[in-house]
Amino acid sequence: MAPERLFAGATDRNREPILAVLKAVLPPSGTVLEIASGTGQHAVHFAPALAPRFWQPSEPDEGLRGSIAAWSAAQPSEWLRPPLALDVLARPWPVETRPCDPPLSAIVNINMIHISPWAACRALMRAAADLLPAGGALFLYGPYRVNGAWRSPNDPAFDQSLKQRDPSWGVRDLEAVVAEAAANGLVLERTVDMPAGNLSVVCRHP
Ligand SMILES: C[S@@+](CC[C@H](N)C(=O)[O-])C[C@H]1O[C@@H](n2cnc3c(N)ncnc32)[C@H](O)[C@@H]1O
């Protein structure tokens, strides 16, 4: 049976606000590597909208890669690559063994670092610093605590529910994420307030 297109409501709701930020901060060309593409809804929406950049989705979960392929088949785009099997914790990443064409210019990671151990954020930063060229962008999106304060009334309960599922998960402190980026030589360029208290976080490879 052909894989199904899976659907996540939040992904559908946040795609336009995220796209507006991506248009403003991504380098104008090259390949954008999406880490943790999930269902593939973002990939099929962003790829044609961000041309002439190429969009390279990736996802460690085989079932979700099937969903990405199904969305890609239903909404094909010449700017969209087939999904890579990529777990940020496993090195080398497939783009290290077979570099992107055109070369990588940005890495995008939406709603992952709170739903994975802190080691995943550290691995993402280390690889981004290794793989991005000068001027390359690392874009993160998700919920954050800032200066110890929650940004949405729903976030404390959300954080608890994440930790109940896995004690190594949880809403991250923006300062810790920025410090991890800086430790790898990536510079915080800006944060952008997003709906529902989320943040876009844009780091740049100097
Ligand atoms: C909440 S979903 C977000 C999916 C998608 N980015 C979106 O916004 O719809 C979290 C994603 O993180 C991925 N993920 C978790 N741990 C990961 C890891 N170690 N490496 C890469 N992706 C990971 C999951 O497979 C899942 O696709």
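The values are calculated or read from the model by the stated rules, or taken from the named source; none is laboratory data. As the structure is a computational prediction, the values presented were derived from the model and not from experiment. All Cβ positions, even for glycine, are placed from backbone atoms using ideal geometry, and neighbour counts span all protein chains on display.
Observations on the structure shown:
- A count restricted to the range 53-98 and to residues that are farther than 22 Å from Leu140 by Cα and either out of contact with any Pro (no Cβ under 8 Å at 6 or more places or on another chain) or not small (Gly, Ala, Ser) (or both) stands at 9.
- Each residue in the range 115-141 was checked for being buried (at least 19 other Cβ atoms within 10 Å of the Cβ), closer than 17 Å to Ala179 by Cα and in contact (Cβ under 8 Å) with a residue 40 or more places away in the chain, and 9 pass.
- For Cys121, the conditions (1) more than 25 Å from Glu16 (Cβ to Cβ); (2) not in a helix (DSSP H, G or I) are fulfilled apart from (2).
- Within the range 9-58, considering residues that are surrounded by 15 or more Cβ atoms within 10 Å (Cβ to Cβ) and of a type in the set (Lys, Arg), the one nearest to the chain's Cα centre (by Cα): Arg15
- Restricted to the range 131-206, the set of strands (runs of 3 or more DSSP E) holding at least 1 residues that are modelled with pLDDT of 95 or more and either over 21 Å from Pro17 (Cα atoms) or touching a His at 6+ places or on another chain (Cβ under 6 Å) (or both) comprises 137-142, 187-193.
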